[in-house]
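Taking it in order: structure first as structure tokens, then the write-up.
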Amino acid sequence: MHLTVPVFPVHHPLITIPRVKVRADKFSKREARIHQALEKRAAEGTPYQELELEFGVPASTLSDRQKGTQNRQKAQAEQQALPPAVEDSLERWAIQMDEQGFPARLDLFKAMALEMMKRHCEEMKSTIPSTLGPTWL
């Protein structure tokens, strides 16, 4: 007896979004270590190599941040389809739906994202994009 499992295409409306991985906590802890290392360097003049060993952050990253380079998330914020505040709201909405037993389907998630983006653009009085890109998510 041979069972066949139906395979849905990626854009199928019944495919739900997997649980969101918690990366923000890891990211904020790393940023805190970078900040602490740079404070120590400013206060004591500690070399980057020693700070690298103590705080677990590459010396090149510390050097770049000392020169004013922003982290990747902040530097690329202008290129994102949705501002970080809207992304956070969308993430909270998806988590709330999932916790209530209604995991957000991809079509609902994109529709909610478009609605949030339209509202944000109206508040900021900027142009409203008609759609999100095909690889957005």
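Across the alpha-carbon atoms of the range 20-75, the computed radius of gyration and Dmax are 11.7, 40 angstrom. For the pair T135 and S63, what calculated FRET efficiency results from E = 1/(1 + (r/R0)^6), where r is the Cβ-Cβ distance and R0 = 30 Å, to the nearest 0.05? The calculated FRET efficiency here is 0.35.
Summing Cβ point charges (Lys, Arg +1; Asp, Glu -1) relative to the Cα centre of the range 20-75 gives a dipole of roughly 420 debye. In sequence order, the range 85-100 has phi-based couplings of 5, 5, 4, 4, 4, 5, 5, 4, 4, 5, 5, 4, 4, 5, 5, 8 Hz under the Karplus curve 6.51 cos²θ - 1.76 cosθ + 1.60, θ = phi - 60°, and Gly or Pro positions carry x.
Values in this text are rule-based calculations from the coordinates and carry no lab data. Model, not experiment: these values are computed from the prediction. Note that each Cβ is placed from the backbone with ideal geometry, even for glycine, and that neighbours are counted across all protein chains shown.
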